[in-house]
1. Considering Cα pairs under 8 angstrom that are at least six residues apart, work out the relative contact order of the stretch 1-44 and quote it in whole percent.
2. Sequence gap at least 6, Cα distance under 8 Å: using those rules, report the relative contact order of the stretch 70-180 to the nearest whole percent.
3. For the ranges 115-125, 231-241, 91-101, what's the packing order if you count other beta-carbon atoms within 10 Å of each residue, average per peptide, and put the highest first?
4. Over 20 Å between Cα atoms: which of K3/K207; K3/K127; K2/K85; K223/K265; K2/K158 fall into that group?
5. Using Stokes-Einstein with the Kirkwood hydrodynamic radius over Cα pairs, what translational diffusion coefficient do you get for the chain at 10 °C and a viscosity of 1.306 mPa s, in µm²/s rounded to a whole number?
6. Karplus couplings for the stretch 267-279 from phi (6.51 cos²θ - 1.76 cosθ + 1.60, θ = phi - 60°), rounded to Hz, Gly and Pro as x?
7. In whole Hz, with x marking every Gly and Pro, tabulate ³J(HN,Hα) for the stretch 220-235 from phi via Karplus 6.51 cos²θ - 1.76 cosθ + 1.60, θ = phi - 60°.
8. For N184, list long-range residues whose amide hydrogen, built 1.01 Å from N in the peptide plane, is under 5 Å from its own amide hydrogen.
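Taken together, the values in this text are just the output of simple stated rules run on the coordinates, not laboratory data. Keep in mind it's a predicted model, so treat the numbers as computed, not measured. Positions of Cβ are generated from backbone atoms using ideal geometry, with glycine treated the same way; all protein chains shown enter the neighbour counts.
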Amino acid sequence: MKKILVIGSSNIDLIATLDRFPEVGETIEGFSFQQEMGGKGANQALAAHRAGGEVVFISMLGDDSYGNNALRFFEQEGIDVSLSKKCKELPTGTAMIWVDQNGENSIVIIPGANKMLTPSYINSVRKAIEEADIIVLQMEIPYETVSTVCGVASQLGKQIILNVAPAYPVDDTILREIHILIVNQSEAETITGEKINEIGEDAIVEKLLMKGVSNVILTLSSKGCLYKNSDETISVPAYKVKARDTTAAGDTFCGALAAALSKDKNIKEALLFATAASALCVTRLGAQPSIPGEMEIEDFIKTRS
């Protein structure tokens with residue numbers, strides 16, 4: 001089995017459920033509030049681990065109760081966080097999440113300690129990149145850090161999976177270095193400068209391939225996902241489920257995909273596996289509590305075949 005290295009953010013999620021999102025200046029009453037651990041890096045690391053992958057997670061947390069609790073939780077889960085670090089300068093990152101009655105979410109992120117995951121720290125833990133087979137990245141850490149990781153990992157011939165979330169304009173140099181680019185509609189539009197409703201899904205994926213990306217996965221929410229490279233196109237429909245909270249759906253997809261590829265599943269099998277994991281995730285509230293395990297995903301696929 002290939003080794004997975006996830007480099008990314010850790011946050012504390014402050015989740016409020018409500019009937020609808022308030023208008024500007026409006027105060028409304030919500031249904032519930034809870035605190036959970038989150039962050040795209042942490043979510044994807046946990047998703048890859050629960051989906052059966054061998055995972056090392058590198059992150060930067062505050063030297064506070066949230067950071068200490070998060071590291072303890074990852075260790076209890078069985079994720080190697082020995083290279084994750086606590087800093088005294090900034091608190092653990094925070095995400096304030098609203099979830100409406102349809103399971104849709106609106107999120108504000110305060111990066112906090114995630115800003116301290118710098119290129120210099122990456123260079124100090126280069127051995128972890130050398131020892132990994134698959135590198136998983138997102139955009140909740142400094143852009144310069146993502147660029148540094150991609151440069152090092154590309155030189156070493158590693159498979160890089162970059163999820164451009166949150167949406168961010170990515171330089172073509174980075175796009176040429178990665179193996180798989182995972183984007184949703186808004187992220188694809190940010191990178192290409194095109195609108196999907198004007199040119200279509202296939203065309204926007206072609207635009208990304210023209211920028212030098214080897215493989216593109218365009219996630220399409222309730223429609224599933226579209227995979228494309230220079231030789232092959234695969235469309236995978238979404239499983240029909242009742243969505244309760246979509247907060248970690250994309251992260252679960254990315255982590256489960258990495259786990260499937262680490263076990264040498266072919267790309268179609270990996271896409272089906274990741275799509276099933278994401279479907280299970282949205283039926284539950286919260287980010288990390290909603291992430292399913294490997295056997296649960298496999299059983300779900302069997303019952304829907």
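1. Value for the stretch 1-44: 52 percent.
2. For the stretch 70-180, the relative contact order is 19 percent.
3. Listed from highest to lowest mean packing, they are 91-101, 115-125, 231-241.
4. Beyond 20 Å between Cα atoms: K3/K207; K2/K85; K223/K265.
5. Translational diffusion coefficient: 82 µm²/s.
6. Values, residue by residue: 5, 5, 4, 5, 5, 4, 5, 5, 5, 5, 4, 5, 4 Hz.
7. Those phi angles translate into 10, 6, 5, 8, x, 8, 10, 10, 8, 9, 5, 10, 9, 10, 10, 10 Hz.
8. T219
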